[in-house]
Amino acid sequence: MEIKFNNTIVKLIRGDITHEKVDAIVNAANSSLMGGGGVDGAIHRAGGPSILEECKIIVAKQGRLPTGEAVITTGGNLPCKFVIHTVGPVWNGGEKNEPILLQNAYYNSLKIGALNKINSIAFPSISTGIYGYPIEKASIIALNTVKNFLENENHSYQEIRFIVFSEIDYLVYQKLFK
């Protein structure tokens with residue numbers, strides 16, 4: 001399923017983000033950048049040790065990555081050139097700035113991609129796994145942030161993909177795409 005914002009194609013795909021042949025994939029990382037469960041663990045496993053080594057250098061220079069911020073590494077053994085690591089918020093009922101922090105995670109990932117002249121990027125559903133963010137709320141923020149970025153920022157994006165793993169998540173995003 002796909003839609004077009006300005007001159008950028010935005011696609012919805014059910015699948016495994018580690019198989020995406022794009023310039024960059026986004027990692028829903030934890031603040032330590034050392035890998036973990038879910039998407040983060042899958043990206044680190046598939047990408048190999050070079051991604052972890054780059055993450056260690058970043059953390060040594062700047063400390064843990066704050067929620068909503070993003071950094072970039074190479075793609076290691078993945079079919080993409082880059083991995084953009086961002087930390088989404090843990091859901092606490094929406095009373096601790098979670099919507100703004102989630103918006104920042106998407107926006108800052110897009111911004112760092114644009115600064116690196118990335119043409120195609122793939123996002124997972126940030127914070128909706130073990131961080132517990134409700135998929136219905138998170139998907140609206142994700143799509144609105146992408147739409148606003150494409151309309152208001154300088155970028156080179158030709159294609160943006162949302163890669164969701166579960167059928168339930170796919171159906172939620174599909175409703176928004178329609």
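The values are calculated or read from the model by the stated rules, or taken from the named source; none is laboratory data. Not measured: the values here are computed from a predicted model. Every residue, glycine among them, receives a Cβ derived from its backbone with ideal geometry; neighbour counts consider all protein chains shown.
Within the stretch 59-77, the residues that satisfy the criterion of being surrounded by fewer than 17 Cβ atoms within 10 Å (Cβ to Cβ) and touching a residue at least 12 places away in the same chain (Cβ under 8 Å) are V59, R64, P66, T74, N77.
Applying the set (1) within 17 Å of T128 (Cβ to Cβ); (2) more than 14 Å from the chain's Cα centre (by Cα) to Q62 leaves exactly one unmet item: (1).
Note on the stretch 151-163: residues that are modelled with pLDDT under 95 and either within 18 Å of I84 (Cβ to Cβ) or surrounded by 13 or more Cβ atoms within 10 Å (Cβ to Cβ) (or both) amount to 4.
Scanning the stretch 149-178 for residues that are under 16 Å from N7 (Cα atoms), of a type outside the set (V, I, T) and touching a helix residue (DSSP H, G or I) at 6+ places or on another chain (Cβ under 8 Å) yields F149, E153, N154, H155, S156, Y157.
Exactly one residue out of I84, I51 is surrounded by 22 or more Cβ atoms within 10 Å (Cβ to Cβ) and either at positive phi or more than 14 Å from the chain's Cα centre (by Cα) (or both), and it is I51. Being closer than 26 Å to L52 by Cα and within 16 Å of the chain's Cα centre (by Cα): is that true of Y131 here? Yes; evaluated as a whole, the condition is true for this residue.
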